[in-house]
Structure formats: structure tokens, C-alpha cells
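Novice: Shown below is the structure under consideration.
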Amino acid sequence: MLIAGSVMLAVAIASIPPMPPFDDFPTTTSTPTIQPVVIFTTSVISGVTWNPDYANSNSVAFQTLATAISTNISAAYSNPGSQFGSSPLTTNINVFTQSTNGVNFYAELIFPDSSATIASVTAALTSLGYTTDAFTSSTSQCSGLIPPTSNPSSNPSSNPVSLGTTTPMHYSAYCDASNIALTNVFLVDVSVPIIGTVDDKLSKIANYLNNAPSLVNLENNLDWNGQEFRLVVYGANEPTPMGRARNQQSWSNILTMLNSSVVNPTNMDGHQLTDALRFVYNNYRPTPGVAGNIIVVADGFDFDEAQSVNTIANALKSQFYFSLGIILMSTSQAQQGVIMPLATDFGHFYPIENVDYLSNTAVLQTQAQWICDAYYPTPAPPTPPPTRLPLVTTVGTTTNTGVRTTINPLFPPVASCKLNVLFLIDQSQSLLLNGYNSAIQFCQNSATTLAGYNSQTTFAYIVFNGVIIQESNEYTDLQTFLNSLGTVPQTVGTSDVTVGFNEALNFIQTRSQYNDDSVTSLLYYITDGNDYNNRIPNVINTTLTIRSLLQTEIIGIDLIETSRSKANVQKTIQYGTYDGNIQSIYVGVNQPADVLNPLVLNSTNYQMTCKGFSNCFNGLTFVIETSQAEGSQLVDVETKAVLNILSYYQSQISPFKLSISLIYFSAPDNLVPNQSGQSAVLLNHVTDGVSAINTLNTTNFPLGAASDLQLGFSMAAENLRDNHLESENLVIFFARGAYEKLSNCCPDPTADAEDLRKLATVQGVVIGPYSNKNQLDSLTGSDSIDANAIIGNSPIDTIAGRATAAKNISDAIIPVIQKFFSNQYCLEIPPFVNPPCEDPIDTLILLHADDRNNWNSILNFTANQLIPDLLGVTGTVSSRTLTTSTPVNFAIASYYYLDVIIHADFTYLLSPSGYMNLISSINFRETKGTATLSTAYKKAIEIFQDGRQFASKNLILITDTMDISDMENAFSEHDAMVQLVGGYTSALTINTNIIPGADYQINVKPGQLNGYNKYSMRQIANSLTKHTCVYLPLLPTTQPPAPPTPTLPGPIPVVKARNVWPDLTILVDTSSNSVNPMTDVFFEKIRVFLDILLIKYSIGEAGTRVTLATSSSSFSQELINIQRKGVRTISIGLSSNISSNDLSMFAQTSFMVPDWNSSYTGIDSNYDLADRIYQMTTKKRFPSSSNFYANLIFIVDQSASTYSYFNDIVQFVSDSDVDQYLSVWNSSLSPSSATANVGNAISYVSTMLHNDPSPPPTHVVYVVGATNLTGASNKLLGGYNLYVVNYKMDSNFNFTNLVNDQNSFFSVSTSSDLRNKVVSMDVSTPNQILAFNQLLSDTQESADKVTFPISSIAADIVCLLDETGLSDTDFTNVKSFLQDFTSKFTVGSTSTQFALQTYNGRTIPHDGFHLFESTSNDVVKQRIQQLTLAKATENSTDADLAGAIEQEIFFFLTEYNGWRDDTTTYSIIFSHADSFFTRDTDTAMQVKNVSSVFALGLNGQTFPYVRNFTNTGFYETVDNASSLSITSPAVQDLLTTLGNDYRNYVYPTTYDVVKVVKADFIFLIDNALGSSFTPNIKQFFE
């Protein structure tokens, strides 16, 4: 037993004067009070043979060795040549332990002054040959660390500036910095730690810092030689300089202020490393010629600094050449990954588990080397890769958590606790005749023994038969109990077990301390087991209550054991019932006198446990080889052997005693093509014995083609890692022990076998031909059971033969299992997970129960086990409220049918007890209908969006139901949640097998969450905590702002690359037909053409992105649908059998290559076609139909002679995106008439248009085919754009009266040509329909360039609404304005999408909606109406605009949330605050790379800070929020600016290439042209 000594210290405390400016800290101070120093050591003495008596501190051997060591240590200090400082006042050797190299000893040395440091003590003991590690903390001593064996080499290329004088190396120094002009800055994180207290942390840091100068050879008593140490603390508030020192005295004085009352009086827990580094950057710039070194002692990291901290760290390293070393006291891999790049290199970053490791010599040596290697004025040249000194554990020193240090190790476990012992004595007639006196004597002996263990143990008795004969008044001390027990009269009567147990229940309930966790209640039931009146069935519920509610362990003593009496006693006490309650103990003897045997008494005592102790929940895993080498008969033997074992332990297979897993292996998946499932998990931690046996009985194992041992070991290890509930695990591994090293299978299993042995005890069973027992022994670490030898020559070709072999094998295995179980002893309830979560994790706990009892259990478990476990021991006992810097934050919700109740969101930030009380107070609510988990997952998205930006979003679901009707929806909603916010999901379910989306699930029985089953509850809580403490943030990919590129002189238009280079989707029809089937040769021709085409484009992320797909079905309608969204469609016909009209149905523009497979004119050599497509697709963006803001009116000739052309006309009109298509052919003329009165139609249209006071641009198209037209005139419609499309040529009619310009007349030969969109390859005869469409588009573009309507904009618009300072009235008015503002636009997925985010003062944005929700104007209006006003936290009046913009970048401008990255994006800032939280803006500024940013003030003021985020030049304001309306001049200016900007985007200004291009040209002229070409060449240049 290690006993850490203690020293009472007297400290002189003086009032601390006001802190001077950091530049004025004195360099000398008055002499400090001398204080004793205690150093704890862990050392190894080599060559000393271990003596068992060394374990006993009272033995002569212990005292002799301890005295010798103490004498040697004193001699080392008294040596005149030593430089170890003052001799120790006292040297105490506390413990010896055995080492492979000798003996370890743990010592405590007390010194009179501060000259003793861990380095000096290490040096002193090392000089004696004792390998030593020293500590200032007794708890650190227990870790058994030793110093490294070698020092790191200093950087040979770093050339520190020499001062010309070098101090001789002191005993404690690792390197020499006394000849360097040096400024060393310590940045110390003084925030409240996750583990331990802030004062304990600061005390250990102060001690660590106090030793730093001596470790680099600086003087203790003289001024240093040009070196200066500075201390800056951060993490409590703003970085604060504590002082600077040029000698040890000043440095020690500065460190006295390193306590919570000075540096962190408000118990802040943030870190703010960026601010600390920025403080150094602004205030501590190095003096020329002086080396600069920064050592950061960090206790965590705020992830919202991830974007900003790199910039300042790089500036310190690259601009000022600071050496930057970081010691991070955290096990978080995420924090280490972020912080390590900040350091100078890998070797300048040292992660440690906690503050205790600061005193480890490896850490001390490393930081000393950082100081000595500081350089100036230039960075060091390249060096070999840096290394890091490891923390090494002392050889032979282990920590055994099972060792009990508070009781005599020879005593049984029950000796460690106080007991209330009740003896229930059956005074039946049969027992009075034989054994009653032995029963009384047994009670007296047992009581005497138990009292000897613990004097506080108390005793009572009840004697009964058919009635209560006599009982104690209360629990008493031993002597009172013995005296009273001797007075019990003997009365003849027939026993009634219900009388005795009912009275025992009442006695324990009213008089014991069963509710006290420090007191264990025991009930001895002493009987002969007779039950003449069959009363035992009536006592079962009473027994259960005693075991569960009263938490009492029952010991049944059967004084005359027979098969009947044994069954009766075991049934009475519920022996062998593993239901999570305290398990009962059965002891049976042949004759009553046997119970007085001391061995029986001792054995009984060793079976009993203290409250909270457990008999262990073990895991038993079987791994069987099912290879073809084993063969079906041996596999059947293996299976039957496992079944025998399962049957033997069937009663123990339960959620509270034993779980069963079974894995079979042979070949990996697809070793044989398309063959999988040869290796798998059959039983996965099953706790139902009947189910396990039935499953195995009905399984026929497939035989695989290999023996992949590596697969078997890795599957077993993975299976064990998936469950954290078992205390210990045993693996029975059946295999031949041989494996084939094939090219595609079966690698060396050594590493995986070693991995499995770390997780469990492994017992090999070698079975099968061509076996290798030695190899299986090595892999399993066991003496494998030789099943081959057991089987021998016995035949196994019959069922009976295999059953016999299996029986013999299982008989050999069961003793191994029994030994394993008997050696397992779980001392107590497991502790909470340590270390607790250290990364920022927003944890949403979703609760539901259909059953009221389950609900109460869930609440109790969540409040009293899960919440404390997630916060850790320190966090749980703290009364401080959680903050945004606390690693774990909580939201609590319960769900029902289509309803979710949020009990606490992530902004609540309660204390631990606050969350525990809140959860405990949630009332049970009966669910009417199905509990819809899908609704809960959907609501979780909203809840998580109120969380912290850089926190991982993890969900814990606890429920007792999952309805199959909601399964599909739940899967879908969970997928949506994961895509939008993350949401790693852990599920705890009660009798519920499948939870959609669960990444980890524990399914338990109701009893496992019983409040009295503390062991099981803690195991479950620990398992959930380990899986929840997984840092998986959903961080969108961010790129640094693009550097500005130089521009050429002249008005070069700003064109986005993504608008120049289009995305191409290429669909290849691979269907086959008898005329023109697709073949490999033909497909190669298409590939060659695509090569010709795509080489013209700039392919890449910033250019053209290409998708290639094949199809064998018709998709013409789908192409029509997407071209209406603005997607340009082109079709290429590759068959002479397809008509132009049929081809035109696929696209807006078509090309025909009928001889596409020709050797000379085929598509693989059609460069002209490739060039035409390239020119067409790289023109301006093709607008969607939503951008075509105009009246498009078709006047259709329906004369009788055109009836047969009806279908062609309808298709032509439909292709023009007219909403109301022709459906009925109306004609009042006779069938033979060829006349159409167009005049009537003109009058009708004229009247209709004149009724519109402000019509948009209007296009009137005459579609005519009649031989005669009457009433033709353009007078009524002369002010509009007029076109004629004639599909029946008639030379006798002149169409000039219908149009304003002859170029607006288009004529085709037949009505079918109206549908022909095939490009004519002959430029002299263009396609008339394509020409009409082009003229229509060009005419509309001309109109739009004058006035572009707001309703025609198709963009993504994100509104950032500042709530800071808004009143409820103001907010209502702003919402009304936003509804009016958005109504000006056409909202939809193919037009304009809106998103909105509210923000205020330094709080996470709490309300708004995403782009994907903008499905219509009505939806946007509704979402705006639902907005609520949130006041700023902490009464802040500063608006966090930069934070809101960061939220926009990370969570709004993402594809998952509906952002279209190839669509114009606008951001509109509605700003109301008059002051701003000026956080780092580098990240927020990136919004200008992806969005055009406008700003509108709501308070009559403009601010440069807001303008800084805009990139459009628009920033106007209204007087106040109440005056904001759609008619405000500033709002009208905003709408006009938006419209003009979008117009320029759709129709960009073109420039004369001669004016734009500024370049030097070099022309090479071929002289072979001759003089005759000279005039032409001159003319060309002119």
C-alpha cells in the first residue's frame, strides 16, 4: 500500500499591490519566505533479488533495505563535490514492488528550501545508480514514469547569438541557454479545467514554470546573463501579462500570483488561444539580436478559432522568427490535430494527458531544448525531421485496480463494508428434532466473524415456524445480539415460509439502512428446506422485493441437503435468477453439524459482496472455423460442442450475468467470385439462452474455400469493441491453427491475434486435419485444447459419433470457462468514463416511452447516470452553469405522435444539477397513436442548428418502441439530418431491436435500467458516453479567399468562369435495333467524336464539368422538362431512319449525321459539328422560361383546310412554352373553305392588350396555312413585335400587311416542318423555325436591356436580419416589409429562392429558413410570419455580423441546403445595431467570393464596418425600423440595383475586341507567297 506523506507548510502572505504595466514589472524583489519542498520519486534498484517480505512494510527485510537506500541518498547530498542543493530533511521509503530488473521503490523526500527541484533530485538518485523519475504530486508518483534514456540533439543549424560567457552546467540542466540573448514567453491557459480544479492546475503549472530556468542552466541566485522570462495568462478573460524577470527571484515572485483569486476569479472556462498569440504579436516583438521563444501551456482549444489562429501563429513564426512550442494537456485527437500545425514543427508540440505530466522529465527536457534552440534573426535551415521524446512507463510497475488497500488482504470482500445482518431462523418441528442448536451456533459464529471484520456491523434475528416466535427489537451490536439470541424459546410447530419472509421484509424495510450506499443489508435464511404446506410459491414476490427494493443479499443455508430441500431453498431465495437485482447465495450441507465447519463459514463469507459490488457481467465468444479443410463433420462437432456449453450455462445467459457471441470464419467475401457470407457473426452478444440455442441448432454453416485466421481474429476483435457492457470476455477459438498464404487471401494473423488478446482472454481449441497446435498456441496465448487428440480414432461419420466427440470436447472446455469465471471479481460500480469528453459536442437527448414504468426508469437513468457520465466527475460535482466553452452541451426533447416537445435547447446552458432536475421533472405523457421517430429526427435538424458552429452534433435516443409503419420515414429523415447538420446517433432501447439510422445501439431488458441495478446502469451509461464522445463535426469545405489577379488596361468585363464554361451532360443511346444496332466499333466512333469535342473546353472544377451516361429508353419528355429550366438541349441523330421531326422532339437544337459510321464522313471525323456545338454552348447563358418576362400571343389559323395539320401546330405552339395549349379545333366554316378571317383575331387581341395599363414586351405570332386571309392589317397591333410563321406557301398572298418588318416572316414547306429544329449544315438555307426562335429571343433581350423586371430574376437571395435593439413592434413591421419585399419576386426552385437568418449580439443565430424551403411565394411569406424575436445574450448591444456571415457560408450556401452554385447569389444585410462585436473577419470576408452583398441600414446610420462586407457598392439606410416599407426610397434603390445587376448578368455588356485586347503580336510571313500577294498582306495589316 502506497502512503503519500504530507508536510504542513507555513506561508507568509502579504497583500498584493496593484499590477504595474507589463513593461514596468520589477526585475528584483525582496527575499521570499523559505518554504519546505516535498519531492516524490519512483526508482528502480537493479540487481536486488526480490524478497516477498519487501511487500510488508513491517518486516525486517523491508526496514533493512529502506534504511540502506535512505543512507545512500543522504551520502549523495553530503558529498562535498555534489551540486544537488540542500540535503533532504527526511527520506521516507513507502513501498517496494517487484521489477524484472530488480526492485522498484517509491520514496518521499522533504527538503528545507526551494533549491530542491525534480531535476536535482533525479540527478542525485541517478548518481547512485537508481533509475528515477521525480514528481511534485503524490498522485503522479503512482503512474510510475521514468525519465528518457537519451536527450534530444539540439538543432545543429540553429545559431543562437552568443553572449561570450557560458555558465558552468548545473546539476539540473538539460542544456545551456546561459550564453544566448533570449526572451522566453510562457503563455499559460488559466481556464477552469475539465478534470480537477483550477487551483490544483495552477499550482502544478507554477511549480513547473519555477523550475524552467534551472533546466536551461540559468543561475538560481544571480541575475541571468541577458535572458528574460515573461509570463502571460489567457483563457480567463483578455490575455494579461503577469510580469517579466531576469533572475530566479523575480521569476518565483511572479509565479506566486498564479492562483485563481488573481488570474481567474470568475471561473471562466474559455481558452482564446488566438487572442493570446495576438497579444504577443502586438506587444512582444523581439529586439534585434535577441532570440524569441514562445511556450504555450494549453488546456484546450475553442474550435471557433480554427479559422483565425493559424494566421497569427504563422506571422509569429515567419515574420518575427519566434520559436513556438506547445504543450497541450488534452487527449482529444481533434484538438491535437488543430493545434499541432501551429507549432514550429512536430518536435515543438507535446500532448500530455493532464497537468500531472508536466513534471515528467521527458516533458521538462523537451521544453528545455525548445528554449535552448531558439534562434534569431533568420529561420533555421532545413533539418532532419524532428522527433518527440516519449513518456515511458517504469518496467515492472503495474496498476491493479482490483487491489483493496483499505482492509486486510486476507479478508473476504464483504469485510470492506458496514453490514446490517438479519438471521431468519426456521424453528420447524423437523429442525428442532435435528439441527436447531447447530443453526443457532452457526448464527453466533457468523456474527462473531463479521463483527471482527468491521466493528460497525450490526445484527438482528427473527425465529419463526407457523408464527413469529421471537425477534430482535432492532439491529444491535454483537454482544447484545448474542445475549438476546440465547433467550429464544423452542416452540413446536409447522413452518410457514411466508410468515418468516413477510416479517423479514417488514423488519428490513423499517429498521435497516438499506437506502444507505455505505451499508450492505444481508439476510441469512437458515432452514432444513421442508415445505409441508406448499407455501414457497407464495413467497416469490416477497423475495423479489427484498432483493430489489430493499437491495438485500440473501444467503440460504440448507442444513440437511437433499434434492428436494435444495430445490425448495433455491426457489425460495431465487437462487440463479439473473434479473439485475442482487443475486442470492446457496449453501448446502449434509448434516446440521457440518455447518459449523470453519471451511463452510469461510466459503460462505467469500461469496458475499458489498453493495455496489457485482458478480461480473461476462462475455463468452465462440469462434469456429468452417473451412472446407475442416469439413462438414468436424464443423458439426464444433457446433455440437458449443451447444453443449450453451446448455450447461443456459441459466446464466442473461443481461446481468453472461452474453454469448458466435463467429464463424473460413474465406473472405468474394475469394471465390460472387461468393460471400462464408464468414460472419451468427450470435451478437445474445443474452437469451433459449434464443441462442435455437439459432445455433437451426443453422447450417457454409464451407469456405480457405482458412483465413486473420479474418477470424479481426472479426472477433471488432465484435468485442462493439459492446462495452461486459466486464470481462473469454473467447473460445476453434481452428486448425494453419492458414494458407495465397495471393488473394489469408495474411499473417499475428497482429490481429495480439489485438484480440488485449480485449479478452483467448483459449484455443485445435481441431481439424493438417493442424498446427504450436501456431494456435502462439496466436491465442494459451495451451490449446487438443480436440484432435480427444477425438482420436473414434468415428465421427455418424450422428451419435459426432455427439460423443462433441461431449468429450465440451467437457474439456467447461473447466476452462469455470476457472475464468471464478477468477473474475468486479469490485464495485465502475467509475464514470475518464477522461470525459474534451471536444465540443452538442448532445441532443431524445426520450420516449409507451410504458409509464419504462418512462420513470429512462428519466432516472438519464438524469442520474447519463448526464453525469457525459460531463465527467469534475463537471458533475461543479455547480457552475455550462457555457459555450464547456465540451458537452445538452438539448433535451421528448417525442410522441407527430409531436416533439423541446424541454431544453442548446441555449439553456444550465448547471449539471439544473439538467438533472429538469429531466427528472418531465411528466409521462401517453402517446395517442404511433410514436413517430421520423418527426423527432426532422425536429432535430432545427434543434441542432441552434448549437455551436464547430461542435459535433451527436444524438442519444432512448426509447421503448419503434413502430414499423414509421420505419421508412425515420430512415429518410435521419439521412436528411445527417446531410444537413450531422447527427452521430447512439440508441438505448428497451426490448426494441431496430432503430433507423442508429450508428450504435444497446438493446436492454427493463430490469437493466432499474434504479437498484446500479452496476448495469453505470455500464450502459459508460457505453453510451464512449460512443457519444465522438467528434464528427459537419464542416463544409472552405477555401481561402482568392488572391487578386492583375487586370489589363481597359474596360474588361467581369465574367465568372463558370458562366463561360458550361457543364455538359452527354447521354448516349445504346439501344439496339435490327437496322442500326450499337456495336463496340460504333461506340468507339462516338468516343473519338467526344474526344474531338471535349478537347475544345477547359475541363475542371472552375471550367466545364462533364457527365456521361448511357440509356436505352426514351427520355424526350424529361429533356423538354429540363430545357424549360434554362438548360440548353442539343440532339444529334445518328440514323437515316429517324426523321427530322422525331429528332427535334429531343432538344431545342438538333443536328443530323445520317452517315455517322462512314469511314470518310462519319461522326468520328466531324470537326465541323464539334465546332458548331462548341460555339453554341459557350455563348451567353441560356435563360430559363422564368426569365422570359413577356406576353407571347399566338394567332392560329383554324380554317377548315388546316384541320389536318392540327397536331403539328399544337406541337409548335407547345414548344414555345405557352401555358395554355390548343386542345380543341374550332371552325365555323364549311369543310371546303380555305379562307381565314384574321381581322377578327387581330381585333380581339388588340382589345385584350389595351386593357393592360402597363404590359410587358409583347410578341404576336401568326401561325397561318389558309389559302386566303381576310382582314389582314398591322394597324391595330403596329406597336408590338409581329411575326408570321407560314406552313403552306401561297404565292398569291402577300403577308406584308401582318408584320412591321419583312425579316419577321418565316415560311416552311409543310406543317411538319414547324417541328423541325435540325440545324442546316448549309449556311445559305438556314432552318426557318430556328431562325424564328432566335429572332424572338434577340428581340426580348433588346427589351430586357432597357427594363429588366424584378419578377423575372432567378437567383438565390440570403437575407441577414439584425435583431439587435429591435422592439416587438419594430420586428412585426420588419416581417411585414420582408413579406412585401419577397412578393416582388417569382419564388420557386427554377426561379428565385430565399433564405433568411436572424442574428444579434454574440449569440448563435436562432431562427430563419433555408433556400430549399422556398417552394413558392406563399411558403416564404408563411416562414417569415413564423419568425420570432430573440434578445441578445448577456444584454449585449454588439451585433455579431461576422458570425452571422460565417453561418451563412457554412450552413446556407451549401448544396445540401438548396444553394445553386451556378446561379447568381445575393446577400442582403439588414443592419440595425450601432456597435459590432469585432471578431476576426477573414472567414466572413469569403462571402464576397460567392455572393453579391448589399446592405440596408434600419437606423438612419451607416457604418464602415458593415460597408466592409459589401462588394456591390450599395449601402443605404432608412430612418428607423418602423419606417421601413416597400415604398421607402432606399428600398426602391435596392430593387433597382438588384434588377440592373441581374440584367447585366443575363445580358452582359459586350466589348469591341480591338479595344479590350492589349497584346504584342508577332507575324511570320511565308516568302514563298511571292510578290503578287504583297498588296493583299498589306491590306490585311491595315
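Novice: What accessible surface, in Å², does a 1.4 Å probe find on Leu601, ignoring ligands, DNA and RNA and rounding to the nearest 10?
Specialist: My reading of the accessible area for Leu601 is about 30 Å².
Novice: If you take the charge dipole of region 912-967 about its Cα centre, with +1 on Lys and Arg Cβ and -1 on Asp and Glu Cβ, which of Ile919, Ile958, Thr932 is farthest toward its positive end?
Specialist: Most positive-ward Cα: Ile919.
Novice: Please list, or write none, the aspartates and glutamates whose alpha carbon is within less than 16 Å of the alpha carbon of Lys1288, excluding same-chain residues fewer than 8 places away.
Specialist: Cα-Cα hits under 16 Å: Asp1197, Asp1208, Asp1313.
Novice: Peptides 1573-1580, 185-192: what's the order by average Cβ count within 10 Å, highest mean first?
Specialist: Working: 1573-1580: 10.1, 185-192: 24.8.
Packing proxy ranking, top to bottom: 185-192, 1573-1580.
Novice: Okay, moving on. Using modelled amide H (1.01 Å from N, peptide plane; none on Pro or chain starts), what sits under 5 Å from the amide H of Leu1496, excluding residues fewer than 5 places away?
Specialist: Ile1469, Phe1470, Ser1471
Novice: At a probe size of 1.4 Å, how large is the accessible area of Met916, to the nearest 10 Å²?
Specialist: The accessible area comes out at roughly 40 Å².
Novice: Under 17 Å Cα to Cα from Lys1488, which aspartates and glutamates show up? Leave out anything in the same chain fewer than 8 places away.
Specialist: Answer for Lys1488, where 17 Å is the Cα cut-off: Asp1356, Glu1446, Glu1448, Asp1461, Asp1462, Asp1480, Asp1541, listed by chain and number.
Novice: Pull out a ≥ b ≥ c, the square roots of the eigenvalues of the alpha-carbon gyration tensor of region 615-691, then state rounded if a/c is under 1.5, prolate if not and a/b is larger than b/c, and oblate in the remaining case. Present the calculation step by step, with values, prior to reporting the outcome.
Specialist: On the way: a/c = 3.35, a/b = 1.90, b/c = 1.76.
Prolate, since a/c reaches 1.5 and a/b exceeds b/c.
Novice: Would you mind telling me the antiparallel percentage of the DSSP bridges in region 412-496, rounded to 5? Can you show the working numbers first?
Specialist: Details: 4 of 11 bridges.
Counting only bridges with both partners in region 412-496, antiparallel ones make up about 35 percent.
Novice: For region 416-428, take each phi angle, set θ = phi - 60°, evaluate the Karplus expression 6.51 cos²θ - 1.76 cosθ + 1.60, and give the result in whole Hz per residue in order, putting x for glycine and proline.
Specialist: 8, 9, 6, 10, 10, 10, 10, 9, 9, 10, 7, 9, 6
Novice: Could you please put Ile73, Ile195 in sequence from largest to smallest accessible area, using a 1.4 Å probe?
Specialist: Details: Ile73 0, Ile195 75 Å².
Order by accessible area, largest first: Ile195, Ile73.
Novice: Further, regarding this structure: Kindly write out, for region 750-759 in residue order, the coupling ³J(HN,Hα) from the Karplus curve 6.51 cos²θ - 1.76 cosθ + 1.60 (θ = phi - 60°), rounded to whole Hz, with x marking Gly and Pro.
Specialist: Once θ is set to phi - 60°, the couplings for region 750-759 become 4, 5, 6, 5, 5, 4, 5, 5, 6, 9 Hz.
Novice: Sticking with this structure for a sec: Taking H placed 1.01 Å from N in the peptide plane, check which residues at least 5 places from Ser521 or on another chain put their amide H under 5 Å from its amide H.
Specialist: Asn420, Glu553
Novice: Please go through the residue pairs Lys1005/Lys1026; Lys640/Lys758; Lys201/Lys938 and name each one whose alpha carbons sit more than 31 Å apart in this structure. Each step should come with its number before you reach the end.
Specialist: On the way: Lys1005/Lys1026 21 Å; Lys640/Lys758 28 Å; Lys201/Lys938 43 Å.
Where the Cα-Cα span goes over 31 Å, the pairs concerned are Lys201/Lys938.
Novice: Which aspartates and glutamates have a Cα lying under 15 Å from the Cα of Lys773, excluding residues fewer than 8 positions away in the same chain?
Specialist: In chain and number order, the partners are Glu625, Glu630, Asp783, Asp786.
Novice: Could you order Met329, Met1152 so the one with the most accessible surface comes first? Probe is 1.4 Å.
Specialist: Result, largest first: Met1152, Met329.
Novice: Kirkwood Rh over Cα pairs of region 1339-1469 into Stokes-Einstein at 10 °C, 1.306 mPa s: D in µm²/s?
Specialist: Details: Rh = 15.5 Å.
Answer from the Stokes-Einstein relation: 102 µm²/s.
Novice: Right, another one. For Asp797, tell me the accessible area in Å² from a 1.4 Å probe, rounded to the nearest 10.
Specialist: Rounded to the nearest 10, the figure is 100 Å².
Novice: I'd like the distance separating the alpha-carbon centroids of region 1417-1483 and region 747-794, in whole Å.
Specialist: If we compute the Cα centre of each part, the gap is 63 Å.
Novice: On a 1.4 Å probe surface of the protein chains, which of Ile732, Ile582 comes out largest in accessible area, and what is the full order? Display every interim value, and only then the final one.
Specialist: Working: Ile732 0, Ile582 55 Å².
From most exposed to least exposed: Ile582, Ile732.
The values are calculated or read from the model by the stated rules, or taken from the named source; none is laboratory data. It should be emphasised that the depicted structure is a prediction, and the values quoted were computed from it without experimental measurement. Heads up, the Cβs are rebuilt from the backbone with ideal geometry, glycines too, and the neighbour counts pull from every protein chain shown. Just the protein is used for accessible areas: all its heavy atoms, side chains included, with ligands, DNA and RNA removed. Shrake-Rupley method; radii C 1.70, N 1.55, O 1.52, S 1.80 Å.
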